[in-house]
Each structure stands twice: as C-alpha cells, then as structure tokens.
Amino acid sequence: MHRLISCSAAVERLWAYLDQDLDEHDQREVEAHLALCKRCCGELELAKHLRRFLATKHAADLPPGVRDRLDRFIDALAEPAGEGGTQ
C-alpha cells in the first residue's frame, strides 16, 4: 500500500497542482491526499476561489495595499517550505 503524503507536502504542491504543473507521480500523490483530507480540500477550494476572484475585474477595485498582501500571500503559499519568504 502507498503511504500518503503529509498535509504540508500536499499544500506545498497545491498551486502547482492547480496549474497542472506536477509530474504524474506528484499529481497522484496530491490527489490521493485530497481524496482523504477535508482540511486540504478546504485549502484547495480557497485557492480556487481566490484565483477566480483575482482574475475578475473586481480585483482591480481592491486598494493597492490589499492586492499587494494577497499577491504576497499567494506567492508564500506557492513557495516550497524552506525557500525564501519572510518570517
């Protein structure tokens, strides 16, 4: 039987998963994790909604500071653990 990846490993790969930018092995690992983990499914839904909103014309109406914080938040989520980022 195949061992499931951790929540942190699944979340680290979430944006690449949404971009369909994972190799077949990583894609299967994320999908197997999402099939059993409600918490990470929630993370996936949040990411999908956030992406959709930022792609709309309404996102242009956000105050610049809010948009900057959202962009940094997304960048931080997309960044593998241990790389760059600020504490």
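The values are calculated or read from the model by the stated rules, or taken from the named source; none is laboratory data. All of these numbers come straight from a predicted model, not from anything done at the bench. Here the Cβ is made from the backbone with ideal geometry for all residues, glycine too, and neighbour counts use every protein chain on show.
Details
- Enumerated helices (runs of 4 or more DSSP H) restricted to segment 1-41, each holding at least 3 residues that are without any contact (Cβ under 8 Å) to a residue 24 or more places away in the chain: 24-34
- Filter result (surrounded by 12 or more Cβ atoms within 10 Å (Cβ to Cβ) and at pLDDT 80 or above) within segment 53-85: Phe53, Leu54, Ala59, Leu62, Arg67, Arg69, Leu70, Arg72
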